[in-house]
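Worksheet: one structure, shown below.
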Amino acid sequence: MNRLKCMVVDDEPLALDVVADYLQKWDIHPVCCENGIEALQQLQNEHFDLLFLDIEMPGLNGIGLLKSLTYRPAVVLTTAYRDYAVEGFDLEVLDYLVKPFSFSRMQQTMEKFARWRDKPLPVAGAPEAIFLKVDKQLIQVPVNDILYLESRKDYVRVYTIGNEYLCHLTLTDVTAKLPPEKFLRLHRSYTVALDKISLLKDNCVHIRGKTLPVSRELRMELKRRLQR
């Protein structure tokens, strides 16, 4: 069977890296383009099955590129803005992703693509790293380095081995990026890496000298997960 051909178009190199990294979980190695004109030239010369397309780009934007295509791959629009959703679906795109989007949201898109293509895709493995937006930068954080997450209203502080990061996301959003078999939200304010817990005592866990509360409702689930 021919290898699936995929392209990612975005004028932000870090955004390109995020999508390309997610796609590698399905053993998909995309062609990456940083502008619409370069992408259109490649799309006219080769046939692609799947296209991840940023909308707001200088020169030829994503909507203009899409309207210029002489054939239609499965198209996923990626943007920081919701304003283009109606126009995107009028153009019959496969999906519309609002940045930043989680790995679990990407899985939903790939499941849609598999149904559209009517061929099964390889099962995605757990991500080895996640990307966090910190001070207008996307920072790659290895999953195995994460100790725990702490909610700070509209922000989350991510504590890792040797670093901590404050990002403008909810605890739910960041937790969704992480493999559920390795992490558990054990309180409204905390998600922890199960393999970093050194002690569970009463309604608290200990991680590297830090004591974190466990909600009464989740204590039994935590014990069950730790005793597997």
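Scanning region 141-158 for residues that are without any contact (Cβ under 8 Å) to a residue 40 or more places away in the chain and in a strand (DSSP E or B) gives Val141, Pro142, Ser151, Arg152, Tyr155, Val156, Arg157, Val158.
Once region 85-103 is narrowed to residues that are out of contact with any Lys or Arg (no Cβ under 7 Å at 6 or more places or on another chain) and over 22 Å from Thr70 (Cβ atoms), the residue that is modelled with the highest pLDDT is Tyr96. Tally up the residues in region 193-202 that are more than 28 Å from the chain's Cα centre (by Cα) and exposed (fewer than 15 other Cβ atoms within 10 Å of the Cβ), please. So the count comes out to 4.
Number of residues in region 187-228 that are part of a helix (DSSP H, G or I), among the aliphatic types (A, V, I, L, M) and free of Cβ contacts under 8 Å to residues at least 24 places away in the same chain equals 1. Of the numbered criteria (1) at pLDDT below 85; (2) surrounded by fewer than 20 Cβ atoms within 10 Å (Cβ to Cβ), the one Glu38 fails is (1).
Taking first residues from region 29-57 that are in contact (Cβ under 8 Å) with a residue 60 or more places away in the chain and over 13 Å from Asp17 (Cα atoms) and partners that are in a loop (DSSP other than H, G, I, E, B) and basic (Lys, Arg), the Cβ contacts under 9 Å between residues at least 6 apart in sequence or on separate chains come to Asp49/Lys5; Leu50/Lys5.
Just for region 1-15: of the residues that are among the hydrophobic types (A, V, I, L, M, F, W, C) and either modelled with pLDDT of 90 or more or surrounded by fewer than 16 Cβ atoms within 10 Å (Cβ to Cβ) (or both), which one is farthest from the chain's Cα centre (by Cα)?
Met1
Listed conditions (1) touching a residue at least 60 places away in the same chain (Cβ under 8 Å); (2) β-branched (Val, Ile, Thr); (3) closer than 15 Å to Val75 by Cβ are all met by Val18, apart from (3). Tell me yes or no: at least one residue of region 104-113 is touching a Leu at 6+ places or on another chain (Cβ under 9 Å), under 30 Å from Val156 (Cα atoms), at pLDDT below 85 and surrounded by fewer than 20 Cβ atoms within 10 Å (Cβ to Cβ). Checked region 104-113: no residue is touching a Leu at 6+ places or on another chain (Cβ under 9 Å), under 30 Å from Val156 (Cα atoms), at pLDDT below 85 and surrounded by fewer than 20 Cβ atoms within 10 Å (Cβ to Cβ).
With respect to the conditions (1) surrounded by 13 or more Cβ atoms within 10 Å (Cβ to Cβ); (2) over 17 Å from the mean Cα position of the chain (by Cα); (3) of a type outside the set (S, T, N, Q), Glu128 falls short on a single one, namely (2). Quick check on region 41-59: of everything there that is closer than 19 Å to Pro13 by Cβ and buried (at least 18 other Cβ atoms within 10 Å of the Cβ), which residue is nearest to the chain's Cα centre (by Cα)? The qualifying residue nearest to the chain's Cα centre (by Cα) is Phe52. The residue that is modelled with the lowest pLDDT, among those in region 116-170 that are over 23 Å from Leu16 (Cβ atoms) and among the hydroxyl-bearing types (Ser, Thr, Tyr), is Thr170. Can you spot a residue in region 179-195 that is within 23 Å of Met106 (Cβ to Cβ) and among the β-branched types (Val, Ile, Thr)? Looking for residues that are within 23 Å of Met106 (Cβ to Cβ) and among the β-branched types (Val, Ile, Thr), one finds at least one in region 179-195, hence yes. For the condition without any contact (Cβ under 8 Å) to a residue 24 or more places away in the chain and farther than 22 Å from Leu226 by Cα, Arg115 qualifies.
The values are calculated or read from the model by the stated rules, or taken from the named source; none is laboratory data. In this text the structure is predicted, and so the values were computed from the model without any measurement. In this analysis, Cβ positions are derived from the backbone assuming ideal geometry, glycine residues included, and neighbour counts consider all displayed protein chains.
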